[in-house]
Amino acid sequence: MLYFDHNATAPLSPAARAAWLEAQELFPGNPASTHWAGRRAEAALETSRAWLAGWLGCGDADLVFTSGATEAANAVFAHLAHSAGRTAGVMVSAVEHPCVLEAAERWFPSRVVRLPVLSGGVLDLDAASGLLRGGFNAGRPAAVALMAANNETGVIQPWAALRDLCRERDIPFICDATQWVGRLPAEGLGECAFLFASGHKSGAPVGTGFLKVPRGFTGLLSGGDQEDGRRAGTQNVAGAAGLVAALRECEGLLDGVPARLEMRGEAERLLLEALPGGRIVGAGVERLWNTVSLLAPELADCRQRWVVRLDATGVAGSSGSACASGREQSSHVLRAMGVGAGESDRVLRLSSGWGTSLEDWRGVAERMAAVFERWR
Ligand code: PLP
């Protein structure tokens, strides 16, 4: 079996598993409890927070542990809606994950400006800068959001440049770093006003994540004063330990990024050789080393998608469409890049992990060639 869906979720890393189990056994108490077991659990949680803060380059008190990116995005827009004026709007890139797009629409109904991307999928920085100058209803937007790297295409966004543009104008900048962390250096991320990520794309347990916030953040969940009153609910001590262990492990692998980029190049060559007429989405722009978004050629009997046929050969990949409540919808990311509806049905996302080898990629290319041979 070949697993190529790390952007959806990555297998739990052995280091994260060991850290999770150890914390679960050693720290059974509730960190909010005042007895010895509670105090020990709290100390373990704060050790995880301190590592994360040092790694991101922010203060410990700036970090809130969450269940992942979706919760964090919702908390951020809820907070902004409560603290901004009733007519204020937000600006978000057109290729954000639905957890950002939909949370923005929910808390700022009809007051969301989508920042366009160029055909390669990279934010149009000139257009964004013009829109920032114009403001929202002639006022400052309540915030601007741009992800660090796109989940569907792997395209890397100019988040640091937009962060700095926002800082010059005193506009809070939000960065969803879910697909970036664990794959590229964390440097500079801690300077974003709001920053969040899920852990499970990089080997941490599902249901773990973090949110970096400015002072005065109110949060979304009430019913307890955990996380300095910014996120009620019993904290996940073992999850935080697993998250840190996974990120630490990935951090130690970052020297391997150039070799991984070479591997991706070779993988793309093999895939295009297997599929004459195919093309790489976002070719020519900077992309994550682990992600290949491939526009595959048309097959006879197009009712069955590439992703389904590949699944039958033992390859787990993902379609270029967002699957919402079991219904396939054409991808807003591909649409924003100018990929036609007929074409986006044929886009396959293959996302690898640190443990993936070139042989694994070769295996995918061979199986794709066999599917193509059979169905063209
Ligand atoms: N943001 C990005 C870029 C993602 O890729 C994902 C998940 O695919 C999310 C947010 C949401 O993450 P979660 O489902 O863990 O909350």
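The values are calculated or read from the model by the stated rules, or taken from the named source; none is laboratory data. Quantities reported herein were computed from a predicted structural model and do not represent experimental measurements. Note that we place each Cβ from the backbone using ideal geometry, even for glycine, and neighbour counts take in every protein chain shown. Only protein heavy atoms, including side chains, enter the accessible area calculation; ligands, DNA and RNA are left aside. Shrake-Rupley method; radii C 1.70, N 1.55, O 1.52, S 1.80 Å.
Assorted remarks:
- Computed packing ranks the peptides 231-242, 122-133 as 231-242, 122-133, most packed first, by mean other Cβ atoms within 10 Å.
- In the chain, the DSSP beta bridges split such that about 60 percent are antiparallel, to the nearest 5.
- Accessible area of region 44-133 belonging to carbon and sulfur atoms, whole % at 1.4 Å probe: 53 percent
- Extension reserve of the A18-D170 stretch, reckoned as 0.36 nm per residue once the Cα distance is removed: 50.4 nm
- The chain, accessible area per residue, ligands and nucleic acids excluded (1.4 Å, Å²): 43 Å²
- At R0 = 30 Å, FRET efficiency that the Cβ-Cβ distance of T87 and T218 yields, to 0.05: 0.90
- A full extension of the chain between A61 and S357 corresponds to an added length of 102.6 nm, given 0.36 nm per residue minus the alpha carbon distance.
- Within the chain: Cβ-based charge dipole about Cα centre, in debye rounded to nearest 20 (Lys, Arg +1; Asp, Glu -1): 700 debye
- With the convex hull drawn around the C-alpha atoms of the chain, the volume per residue stands at 135 Å³.
- Highest-MSF residue in the chain out of L21, L80, L247 [GNM, Cα springs under 10 Å]: L21
- GNM top mover of G209, G277, G120 - the chain, alpha-carbon springs below 10 Å: G277
- Note on N30 and A161: the extension gain reaches 43.0 nm, defined as 0.36 nm multiplied by sequence separation minus the Cα-Cα distance.
- Among E71, E273, E96, residue whose mean-square fluctuation peaks in a GNM of the chain (springs only between Cα atoms under 10 Å): E273
- Region 181-319 - percent of accessible surface contributed by carbon and sulfur, probe 1.4 Å: 49 percent
- Each peptide in 99-110, 289-300 receives the mean, over its residues, of other Cβ atoms within 10 Å, and ordering these scores from highest gives 289-300, 99-110.
- Helices that extend 20 Å or more along their long axis by alpha-carbon positions and average at least -1.0 on the Kyte-Doolittle scale are, among the DSSP H runs of the chain, 36-56, 69-83, 237-251, 257-274, 358-375.
- Per residue, the chain reaches -12000 deg cm²/dmol at 222 nm when only DSSP H runs of four or more residues are counted, each adding -39500 (n - 2.57).
- Two-site FRET efficiency, R376 against S110, from Cβ-Cβ distance with R₀ of 41 Å, rounded to 0.05: 0.35
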